[in-house]
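Chemist: Quick one: structure below, then a few questions.
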Amino acid sequence: MSNSKLTRRGLIKTGAVAGAAGLTLPTYLRADGHAGYLNAPQGDTVTLGFNVPQSGPYADEGADELRAYELAVEHLNGTGADNGMLETFSSDALQGNGILGKKVVYVTGDTQTKSDAARASAKSMIEKDGAIMITGGSSSGVAVAVQALCQEAGVIFMAGLTHSNDTTGKDKRANGFRHFFNSYMSGAALAPVLQNAYGSDRKAYHLTADYNWGYTTEEAVRSSTEAMGWETVNAVKTPLTQTDFSSYIAPVLQSGADVLVLNHYGGNMVNSLTNAVQFGLRDKLVNDKNFEIVVPLYSRLMAKGAGANVKGIFGSTNWHWSLTDEGSKAFVKSFGTKYGFPPSQAAHTCYVQALLYADACERAGTFNPCGVVEALEGFEFDGMGNGPTLYRADDHQCFKDVLVVKGKENPTSEFDLLEIVEVTPVEQVTYAPDHPQVAGGSLGTCNPGA
Amino acid sequence: MGLTKKDFTLLIIVACLALFAPFILNPFPEGSAMAQFNAGYPDLMQRLVIFGIFAIGFNILFGLTGYLSFGHAAFLGVGSYAAIWMMKLLTMNVIPAIIISVLVAGLFSLLVGWISLRRSGIYFSILTLAFAQMSYALAYSVLTPITGGETGLQPKYTDPRILDGALAPGETPRANLFGLDMKSSFQVSAGDWIFTFNAGYYVAAVIMLIAFYLSIRIFRSPFGMMLRAVKSNQQRLNYTGLNAKPYTLAAFVISGMYAGLAGGLLVAMDTQVGAERMFWTASGEVVLMTILGGAGTLIGPVLGAGFIKYFENIISKINKSILEQWFAFMPDGIEDLLITLVYPFIGKGWHLTLGILFMLVVIFLPGGLVEGGQRVARLFKRKKPSDDTPDGKTTPAE
């Protein structure tokens, strides 16, 4: 360190600067604002973080989620054209004057459907913008990653579209909640319908997206269909980035299978289904039975992508805009009025999650995550489009009816692509918290962050 | 410390920047409209220095030897996975995790480098790219039991963790340095300004300074000179009877270890690994960082890394309602027009903005941001453009 020069003048200068800095008296702040929890809302606003994929393979879902959140904020603040589901929600704690009298403001971020990017974006919401709750996402990997982050940081996470069993199974967290259904429920709801339609003597061939969600979905569908007598001939994993599935479809016919199960989502499903239909699989007769295709998780956006190919194909979904209960009608109406087209299931689950969070704060009388967790655990509600619903305390998973849908033969518009075949009652899709498909993991205790 | 006066000044400048980053990055008072552009929160500050390390390491290979590796993210990812396994198996203390991440990334880069360096130029780039994509595909699906696949890995209370005591069910393990929680920070307010000092950031910043110092020493060493020789004319080097491969391989491994160090630090700051970290876009990002800042310069890659991470985290979070606030004072028609014009470049459009800036830099400032800085400095100094010594600090290598 021979390069530093210490002179009298230099020392006095430095001392003066240091003294001036000291005089401004920086005060030590606690991150919790003395409220006992992280990011306690200051002033008359409360900040929510909407973390959705704005780029990448699920950007469509993300855009629809964001629309739903904006609508939810309008309804919570009472500034919208109507009050949406607030009118039909069984709890009437929400007054349309914000949450606990504080106006709701929000920040948005792009998860890019990558867990790293999603965590970075969520962290900036928590650390920089002071968000008290993070919600959104359109993939299970992201949901699990952000949920763990929120647990660690001490804010509430309201999961968006995530279907893997793990989110409320082995990766469940006390600060995280999921309204969306999961792979197990898809399998349990689909199996009886498939049995009715296709009989109990079938040979199934699975094509499974090669990642976590694909595995849990394959497992769920396999175990439900095998329980009713189907035989699984083969299960092949396909890379997530695959766009041409013809090389995977060709072997299906040689295998002697008569049902093809596509455990694919988003663009994967659009491509694999299109390939399968183009190969003429559905016109084939195998084992004297019509060859059939099943898609465990359906969404309207996917049906739109696959076009006419979805006709007559069974799948399950969390919610569909053609439901005629009061809650769904109210939501479809206000969404349609604002944006000009009906909402997707991603939009629905995100909208409901935002309302449920706000309602829990009102009922708890605080934004403290521990109070919110307590208010949400075991909470039973209705009027949100899925019939009577329970937020189970054991794993923070919602239990509600599941829809089995089928691609419509004669769609009347570009949104009217799916028809509801059956509403599977909640009892049929409920499982024990220690069911082998979701076993492992522990909620732990709620973390208020400070 | 074995540095020339010029280099020492540079090191001191970087040290000051790192030390006072919480102030420098938070220039706007809380609650003001400009607070949107503040970057002084722990997560981003950590990312700035960590990706700085990544870019410094990449620059040792690309800036000195001219070998363009398109697969450096693989080493970052491998380092991350090594670190998280150390945290799962041994202890949540970050030291063993960081050490093992450097070692594992070093070994992996030795393997990749040994094979890829049989070729040069575009073939080398493609080989490294292929290796990185292979690693990504493996981590994403085939190696799911080790890498956690799409979901990635996080430390859990159920992990064995030999050196730490057992945790209560559901308790979150926290990364620490001998008990100092990486996430702990304290805030100081002065007037309307709030400054956050984060333990993890300072740990990362100290390591970045060490990495920076090492990189200066490598640049100035005879070894660094050999690497430059490889870049300027490898054929001539061969004709003089020298085998360039050991040198390039050494540079490759060193830069792979830097990447591993960055990966380990990422895990130390935020205990989560996802396979996307190894995707080819991540490899491309570090190339952008280095070129944007100025390849072959010492400080350039750090600046480039900071620039890109700032954009990714700040510009991408500006949304339509914020724009509406900004332009609210204008008449309705003009407001709508401005919002329509600006909207594509913010939020999810930040890639677009970055792309345009990158083009502008490459076209008008081939030496990157460092060259921009030099030009500005020259404007103010008005001294005669003194001896243009290729001193590495300010002059981009050709």
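Chemist: Can you find even one residue in segment A:237-253 that is part of a strand (DSSP E or B), touching a Phe, Trp or Tyr at 6+ places or on another chain (Cβ under 7 Å) and either touching a residue at least 12 places away in the same chain (Cβ under 8 Å) or not hydroxyl-bearing (Ser, Thr, Tyr) (or both)?
Modeler: yes
Chemist: Considering segment A:225-260 alone, what residues qualify as being under 20 Å from A:ALA189 (Cα atoms) and touching a Leu at 6+ places or on another chain (Cβ under 7 Å)?
Modeler: If the condition is that a residue be under 20 Å from A:ALA189 (Cα atoms) and touching a Leu at 6+ places or on another chain (Cβ under 7 Å), then A:THR225, A:LEU260 are the ones that fit.
Chemist: Looking only at segment B:53-104, which residues are hydroxyl-bearing (Ser, Thr, Tyr), crowded, with 24+ Cβ neighbours inside 10 Å and touching a Lys or Arg at 6+ places or on another chain (Cβ under 7 Å)?
Modeler: Residues satisfying the conditions are B:THR65, B:SER80.
Chemist: Which number in (1) over 24 Å from A:LEU323 (Cβ atoms); (2) among the hydroxyl-bearing types (Ser, Thr, Tyr); (3) modelled with pLDDT of 95 or more marks the one condition that A:TYR357 misses?
Modeler: If we test A:TYR357 against (1) over 24 Å from A:LEU323 (Cβ atoms); (2) among the hydroxyl-bearing types (Ser, Thr, Tyr); (3) modelled with pLDDT of 95 or more, just (1) comes out false.
Chemist: Can I ask one more? Report the residue count in segment B:156-190 for those that are facing chain A (nearest Cβ under 8 Å) and on the phi > 0 side of the Ramachandran plot.
Modeler: Qualifying residue count for the region: 1.
Chemist: In segment B:43-56, how many residues are away from chain A (no Cβ under 12 Å) and among the aromatic types (Phe, Trp, Tyr)?
Modeler: Adding up the residues that qualify gives 1.
Chemist: Can you list the strands (runs of 3 or more DSSP E) lying wholly within segment A:274-393 that have 2 or more residues being touching a helix residue (DSSP H, G or I) at 6+ places or on another chain (Cβ under 9 Å) and under 30 Å from A:ASP244 (Cβ atoms)?
Modeler: Details: elements: A:292-297, A:314-317, A:389-391.
Here the list reads A:292-297, A:314-317.
Chemist: Now a separate question. Of all residues in segment B:137-147, count the ones that are at the interface with chain A (Cβ under 8 Å from one of its Cβ atoms) and in a loop (DSSP other than H, G, I, E, B).
Modeler: Of the residues in segment B:137-147, 0 are at the interface with chain A (Cβ under 8 Å from one of its Cβ atoms) and in a loop (DSSP other than H, G, I, E, B).
Chemist: Select from segment B:1-26 the residues that are touching a residue at least 24 places away in the same chain (Cβ under 8 Å), within 10 Å of another protein chain (Cβ to nearest Cβ) and surrounded by fewer than 13 Cβ atoms within 10 Å (Cβ to Cβ) and list them in ascending order.
Modeler: B:MET1
Chemist: Now, a different point. Note down all Cβ pairs under 6 Å where the first residue falls in segment B:326-350 and is away from chain A (no Cβ under 14 Å), the second is of a type in the set (S, T, N, Q) and part of a helix (DSSP H, G or I), and they're at least six residues apart or on different chains.
Modeler: Cβ pairs passing all conditions: none.
Chemist: Still on this structure: Confirm whether B:GLY260 is in contact with a His (Cβ under 9 Å, 6 or more places away or on another chain) and part of a helix (DSSP H, G or I). Can you show your working first?
Modeler: Numbers: in contact with a His (Cβ under 9 Å, 6 or more places away or on another chain): no; part of a helix (DSSP H, G or I): yes.
Taking the combined requirement at face value, the residue does not satisfy it.
Chemist: Continuing with this model, one more query. Got a sec? Which helices (runs of 4 or more DSSP H) wholly within segment B:186-239 have at least 3 residues that are under 30 Å from B:PRO42 (Cβ atoms) and not hydrophobic (A, V, I, L, M, F, W, C)?
Modeler: Answer list for segment B:186-239: B:199-220.
Chemist: Among all residue pairs at least 6 apart or on different chains, which show Cβ distances below 9 Å where the first residue, located in segment A:152-171, is within 20 Å of B:TYR157 (Cα to Cα) and the second is of a type in the set (Asp, Glu) and part of a helix (DSSP H, G or I)?
Modeler: A:ALA153/A:GLU127; A:ASN165/A:GLU219
Chemist: Checking B:GLY40 against (1) of a type outside the set (Ser, Thr, Tyr); (2) surrounded by fewer than 17 Cβ atoms within 10 Å (Cβ to Cβ); (3) within 14 Å of chain A (Cβ to nearest Cβ): exactly one of these is not met. Which one?
Modeler: (2)
Chemist: In the list B:ILE56, B:ILE50, which residue meets the criterion of being closer than 21 Å to B:LEU288 by Cβ, in contact with a Pro (Cβ under 6 Å, 6 or more places away or on another chain), touching a residue at least 24 places away in the same chain (Cβ under 8 Å) and of a type in the set (A, V, I, L, M, F, W, C)?
Modeler: The unique qualifying residue is B:ILE56.
Chemist: So which residues in segment A:361-392 are under 19 Å from the mean Cα position of the chain (by Cα), over 20 Å from A:ILE420 (Cα atoms), buried (at least 20 other Cβ atoms within 10 Å of the Cβ) and aliphatic (A, V, I, L, M), if there are any at all?
Modeler: Passing the criteria: A:VAL373, A:LEU376.
Chemist: OK, next. Working only within segment B:224-279, note down all residues that are crowded, with 21+ Cβ neighbours inside 10 Å and polar (S, T, N, Q).
Modeler: B:THR248, B:SER255, B:THR271, B:GLN272 - these are the residues of segment B:224-279 that are crowded, with 21+ Cβ neighbours inside 10 Å and polar (S, T, N, Q).
Chemist: Just a yes or no: is a residue in segment A:308-317 closer than 21 Å to A:HIS75 by Cα and surrounded by fewer than 24 Cβ atoms within 10 Å (Cβ to Cβ)?
Modeler: no
Chemist: Just name the residue that is modelled with the lowest pLDDT out of those in segment A:401-420 that are closer than 12 Å to A:SER322 by Cα, outside any loop (DSSP other than H, G, I, E, B) and touching a Phe, Trp or Tyr at 6+ places or on another chain (Cβ under 9 Å).
Modeler: A:LEU418
Chemist: Oh, and also: In segment B:170-184, which residues are under 30 Å from B:LEU298 (Cβ atoms) and either surrounded by fewer than 19 Cβ atoms within 10 Å (Cβ to Cβ) or free of Cβ contacts under 8 Å to residues at least 40 places away in the same chain (or both)?
Modeler: Within segment B:170-184, just B:LEU177 meets the criteria.
Chemist: Can you pull out every residue in segment B:105-124 that is surrounded by 21 or more Cβ atoms within 10 Å (Cβ to Cβ) and β-branched (Val, Ile, Thr)?
Modeler: Correct list: B:VAL112 only.
Chemist: I've got another one for you. Only strands (runs of 3 or more DSSP E) wholly contained in segment A:107-196 count here; list those with 1 or more residues that are more than 8 Å from every other protein chain (Cβ to nearest Cβ) and farther than 25 Å from A:ASP60 by Cβ. Lay out the reasoning, then the answer.
Modeler: Values: elements: A:133-136, A:156-159, A:176-178.
Because the criterion is at least 1 residues that are more than 8 Å from every other protein chain (Cβ to nearest Cβ) and farther than 25 Å from A:ASP60 by Cβ, the strands (runs of 3 or more DSSP E) in segment A:107-196 that meet it are A:156-159.
For (1) within 14 Å of chain A (Cβ to nearest Cβ); (2) closer than 28 Å to B:PRO96 by Cα; (3) in contact (Cβ under 8 Å) with a residue 60 or more places away in the chain, each residue gets a yes or a no:
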| position | (1), (2), (3) |
| --- | --- |
| B:MET226 | no, no, no |
| B:GLY241 | no, no, no |
| B:ALA259 | no, yes, yes |
| B:ALA275 | yes, yes, yes |
| B:LEU288 | no, no, yes |
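Chemist: Might you let me know whether segment B:148-169 holds any residue that is surrounded by fewer than 21 Cβ atoms within 10 Å (Cβ to Cβ), in contact (Cβ under 8 Å) with a residue 12 or more places away in the chain and in contact with a strand residue (DSSP E or B) (Cβ under 7 Å, 6 or more places away or on another chain)?
Modeler: no
The values are calculated or read from the model by the stated rules, or taken from the named source; none is laboratory data. What you see is a predicted model; the values in this text were computed from it and never measured. Methodologically, a virtual Cβ is constructed for each residue, glycine included, from the backbone with ideal geometry; neighbour enumeration extends over all protein chains shown.
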